[in-house]
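**Student:** After the structure tokens below, expect a handful of questions from me.
The values are calculated or read from the model by the stated rules, or taken from the named source; none is laboratory data. Bear in mind that the values here come from a model prediction, so they are computed numbers and not experimental data. Cβ sites come from the backbone with ideal geometry, for glycine too, and all protein chains shown count toward neighbours. Just so you know, the surface numbers come from the protein's heavy atoms only, side chains and all, with ligands and any DNA or RNA stripped out. Shrake-Rupley method; radii C 1.70, N 1.55, O 1.52, S 1.80 Å.
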Amino acid sequence: MTVSSTTSSLIDINQGVSVNGRIGSLVTRLAKTPQEIRQAQHVRYQVFCEEMSAQKTLVSRLTQRETDSHDQHCDHLLVCEGNMKLGQSVVGTQRFLVRDSTQVNRPFYSQSEFDLETLVANWPGKTFMELGRSCILAEFRNKRTMELMWHGTWSYAWQMGVDVMVGCASFPTTEVDSIIPSLKFLSANSLANEEWQTKPIVNEQIALRDFDGSDIDLKKAFRTIPPLIKGYLRLGARVADTAVVDDVFGTIDILIVLPVSEINPRYVAYYGEDATRHCA
């Protein structure tokens with residue numbers, strides 16, 4: 001039996017974009033080689049398959065990597081610990097797919113759950129960036145690492161002329177009852193305007209509007225939301241009004257929508273309009 005590398009070739013790797021950031025011993029940059037992408041896939045395996053409940057295939061068990069066919073079409077952001085001379089370990093990763101309504105040959109991963117193609121078609125002339133496979137190893141899952149990952153994300157988006165960021169973010173459960181405070185918070189505070197809504201295309205759907213948030217302490221409810229989703233919300237992101245259950249990953253997924261024009265000005269000022277605050 002032959003185990004595929006799943007990333008035997010790279011499509012326009014990095015597309016001429018350079019991401020460069022540092023906080024302490026952590027650095028962020030784009031993967032430059034198939035080997036570095038494999039390291040990112042190993043981090044994904046540790047988080048999604050071992051820590052969480054994503055289904056393991058025979059290939060993923062053998063390779064200790066979480067992969068899919070979209071990897072070859074994406075740029076991969078790395079957050080690494082260490083230095084280039086002594087060696088770096090990948091501790092966090094996120095992948096980017098940039099396209100507009102004309103580039104249907106580069107499908108969105110999230111299209112398997114939400115109708116992104118219709119959303120993009122409704123905004124001709126705008127460039128969308130899908131954020132996917134965002135994860136950080138547990139021991140590095142803190143404010144500093146999140147800050148550096150957002151530095152890399154904003155730097156990449158700025159250089160690529162992105163108008164809208166989209167992507168799925170997950171609650172690590174399939175049990176709705178366990179995340180009711182979070183769903184109430186999202187329903188009360190974070191639903192996208194109608195022009196940014198799009199519908200799921202899977203059967204197991206959760207209507208956020210069914211969760212009335214008028215009876216909760218919003219500050220306490222916000223604390224129940226996973227760090228990655230909280231980070232997006234602080235930036236100014238909104239969510240689609242229907243969530244879905246992902247049985248393959250063992251999660252409840254929401255669709256994040258963040259027009260660049262709606263990013264909280266405080267964060268743009270903090271990182272710099274050209275994302276230079278944490279440049280190494």
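**Student:** Working carefully through the options N105, N122, find the one that is more than 17 Å from L228 (Cα to Cα), without any contact (Cβ under 8 Å) to a residue 12 or more places away in the chain and either open to solvent by 20 Å² or more (accessible area, probe 1.4 Å) or in contact with a Lys or Arg (Cβ under 7 Å, 6 or more places away or on another chain) (or both). Full working, then the answer.
**Tutor:** Details: N122 fails: without any contact (Cβ under 8 Å) to a residue 12 or more places away in the chain.
Of the residues listed, the single one that is more than 17 Å from L228 (Cα to Cα), without any contact (Cβ under 8 Å) to a residue 12 or more places away in the chain and either open to solvent by 20 Å² or more (accessible area, probe 1.4 Å) or in contact with a Lys or Arg (Cβ under 7 Å, 6 or more places away or on another chain) (or both) is N105.
**Student:** Failed condition for D212, given (1) out of contact with any strand residue (DSSP E or B) (no Cβ under 7 Å at 6 or more places or on another chain); (2) open to solvent by 60 Å² or more (accessible area, probe 1.4 Å); (3) closer than 26 Å to W154 by Cα, with all others met?
**Tutor:** Looking at each condition in turn, D212 falls short on (3).
**Student:** Another question, if that's okay. Could you please give the count of residues in segment 225-271 that are polar (S, T, N, Q), under 16 Å from the mean Cα position of the chain (by Cα) and part of a helix (DSSP H, G or I)? Give the derivation first.
**Tutor:** Going residue by residue through segment 225-271, those that are polar (S, T, N, Q) are 242, 251, 261, 264.
Pick out the ones that are also under 16 Å from the mean Cα position of the chain (by Cα) and you get 251.
From what's left, part of a helix (DSSP H, G or I): none.
Number of matching residues: 0.
**Student:** Kindly provide the set of residues from segment 133-170 that are in contact with a helix residue (DSSP H, G or I) (Cβ under 6 Å, 6 or more places away or on another chain), part of a helix (DSSP H, G or I) and surrounded by fewer than 21 Cβ atoms within 10 Å (Cβ to Cβ), ordered by number.
**Tutor:** Across segment 133-170, the qualifying residue is only M146.
**Student:** Is segment 35-46 home to any residue that is aliphatic (A, V, I, L, M), within 16 Å of C135 (Cβ to Cβ) and touching a His at 6+ places or on another chain (Cβ under 6 Å)? Talk me through it step by step, then tell me what you get.
**Tutor:** Within segment 35-46, the subset aliphatic (A, V, I, L, M) is 37, 40, 43.
This time we only want the ones that are within 16 Å of C135 (Cβ to Cβ), so: 37, 40, 43.
Next, from what is left, pick out any that are touching a His at 6+ places or on another chain (Cβ under 6 Å): 37, 40.
Checked against the condition, which is being aliphatic (A, V, I, L, M), within 16 Å of C135 (Cβ to Cβ) and touching a His at 6+ places or on another chain (Cβ under 6 Å), segment 35-46 yields at least one hit.
**Student:** Something else now. Of all residues in segment 1-32, which are more than 21 Å from M160 (Cβ to Cβ), at pLDDT 85 or above and of a type in the set (S, T, Y)?
**Tutor:** Within segment 1-32, just S25 meets the criteria.
**Student:** Is it the case that R238 is out of contact with any Ser or Thr (no Cβ under 6 Å at 6 or more places or on another chain), over 21 Å from E175 (Cβ atoms) and open to solvent by 40 Å² or more (accessible area, probe 1.4 Å)?
**Tutor:** Numbers: out of contact with any Ser or Thr (no Cβ under 6 Å at 6 or more places or on another chain): no; over 21 Å from E175 (Cβ atoms): yes; open to solvent by 40 Å² or more (accessible area, probe 1.4 Å): yes.
So R238 fails the test.
**Student:** Of everything in segment 32-60 that's in a loop (DSSP other than H, G, I, E, B) and of a type in the set (S, T, N, Q), which residue is least open to solvent (accessible area, probe 1.4 Å)? First the steps, then the outcome.
**Tutor:** Residues of segment 32-60 in a loop (DSSP other than H, G, I, E, B): 32-33, 52-57.
Cutting the leftovers down to of a type in the set (S, T, N, Q) gives us 33, 53, 55, 57.
Numbers: T33: 55, S53: 80, Q55: 116, T57: 80 Å².
So, considering only residues that are in a loop (DSSP other than H, G, I, E, B) and of a type in the set (S, T, N, Q), the one least open to solvent (accessible area, probe 1.4 Å) is T33.
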